[in-house]
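Q: Before I ask anything, let me first share the structure, which is written out below as structure tokens.
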Amino acid sequence: MARLEVVKEIFDLRSSFSISRSVKNSIEVVRVEISDGKYKGSGECRPYERYGETPDRVIAQIESARASIERGLSRQELLEVFNAGAARNAIDCALWDLEAKKSGQSVWHLIGGKGDVHPVATVQTISLSSPEEMANSARGVGEYKTLKIKLGGGEEDLLRLRAIHEARPDVKIVIDANESWSFDQLRRFIDQAQELGVYMIEQPLPKDQDELLANYDAAPIIICGDESIHTVDDLDDKGELYGMVNIKLDKSGGLTHALEMVEKIKELNDKGKNIQTMIGCMVCTSLAIAPHILLAQNCDLADLDGPGWLKKDRAYGVKYQNGLVMPDKLWG
């Protein structure tokens, strides 16, 4: 019989992380461990207030299924017991890690990966601040060739973008508005953004306004769905509205369903769609990033800088070098 352990942990950030709706100086994560007496598998999730999650609620969800988990709940059964979200993610990743240790194979090979797991080029996020401070932050990360800029929907957004472009004319820029713009703001921004190195805009509109993007052509700038698309069902409903989809394990509810989403995007593209795949993350530790690195082996864009915001990461965590995130030995 398996044994479940659930722990809430707090990690301080090296500097404030600001987006349009919040400012963080620390994060709370939930770590799950499932052991069979000989081997132990670990997983981590980052409960997110935007989706009605808190660490205590997530822990309560996990505890509600303790008996089933300790009886040997499978990953497929987990999809039926839990809705997509942080709680399911932590359990799913712990189960993958446990299976890898029991089988003597890496998770990469269990999911059909060939060869070695390679380092992945990642974007570097520039936290929301004044134009001057954001430009200084951009100058300080010269090894990154794509920057993700947090914007807030105010009049300063274009000033922020111009300041960053002047500071780093060599980079591609990804904009993340975190649902803070109106459709009129988006259209006005698009008209001026192309000359400033903008490659993609992530979730500009609130998630209940996706239909406004129908028949809207922002080319050559890509519009990416994040908060609007969590699962395969969301891809069926809204996938065609976006040129890119950001897959995060805390949204999909684990690696198992995220792999289904990747396959679904391939199916849609085989039918004539043109949807790119982005692998993203919350601010988190290396325990959460490790399974994202596997997903990112064949993606179009990776945003995996989460552990880089921590004052202190977990031991044996990922390393960042020359704009790449290096695989770790902590999980999988």
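Laboratory data are not the source of any read-out in this text; all were calculated from the coordinates shown. All values derive from a computational prediction rather than experimental measurement. So basically every Cβ, Gly included, is an ideal-geometry build from the backbone, and we count neighbours across all protein chains shown.
Q: Find which of I275, Y51, L4 sits farthest along the positive direction of the dipole of the chain, computed with +1 on the beta-carbon of Lys and Arg, -1 on that of Asp and Glu, about the Cα centre.
A: About the Cα centre, the residue reaching furthest to the positive side is L4.
Q: Now for a separate question. Of the listed pairs K207/K312; K8/K248; K24/K101; K266/K329; K248/K329, which have alpha-carbon separations greater than 23 Å here?
A: Among K207/K312; K8/K248; K24/K101; K266/K329; K248/K329, the Cα-Cα distance tops 23 Å for K207/K312; K24/K101; K266/K329.
Q: Here is a further query. Where does the stretch 120-174 land on the Kirkwood hydrodynamic radius, alpha-carbon pairs, in angstrom?
A: It works out to 10.9 Å.
Q: Quick one, can you get me the convex hull of the C-alpha atoms of the stretch 42-118 expressed as volume per residue in Å³?
A: So the per-residue hull volume is 108 Å³.
Q: May I ask which residue of V141, Q124, L294 lies farthest towards the positive end of the charge dipole of the stretch 120-326, with charges of +1 (Lys, Arg) and -1 (Asp, Glu) on Cβ and the Cα centre as origin?
A: Comparing the listed Cα positions along the dipole, V141 ranks first.
Q: Same structure, new question: Restricting things to alpha carbons, tell me how big the stretch 76-197 is in terms of Rg and Dmax, in Å.
A: 20.3, 55
Q: If one takes the longest principal axis of the Cα atoms in the chain, at what angle in degrees, from 0 to 90 and to the nearest 10, does the Cα axis of helix 286-295 lie?
A: 80 degrees
Q: In the chain, what % of DSSP beta bridges are antiparallel (nearest 5)?
A: 50 percent
Q: Quote to one decimal, in nm, the extra length available between S18 and T54 on full extension: 0.36 nm per residue of separation minus the C-alpha distance between them.
A: Stretched out fully, the S18 to T54 stretch lengthens by 11.1 nm.
Q: Just to confirm a number: summing +1 for Lys and Arg and -1 for Asp and Glu over residues other than D97 whose beta-carbon lies under 11 angstrom from that of D97, what do you get?
A: Overall, the nearby charge balance is -1.
Q: Right, another one. How large is the dipole of the chain about the Cα centre if only Lys and Arg carry +1 and Asp and Glu carry -1, each at its Cβ, rounded to the nearest 20 debye?
A: Charge dipole, the chain, about its Cα centre: 1160 debye, nearest 20.
Q: If the chain between S103 and D237 were fully stretched, how many nm would it gain, using 0.36 nm times the residue separation less the Cα-Cα distance?
A: Answer, rounded to one decimal: 44.5 nm.
Q: For the chain, what is the Kirkwood estimate of the hydrodynamic radius, computed as the reciprocal of the mean inverse distance between distinct Cα atoms, to one decimal in Å?
A: That comes to 20.2 Å for the chain.
Q: Report the rotationally averaged projected area of the stretch 234-324 based on its alpha-carbon convex hull, in square nanometres.
A: That works out to 6.2 nm², a quarter of the Cα hull's surface.
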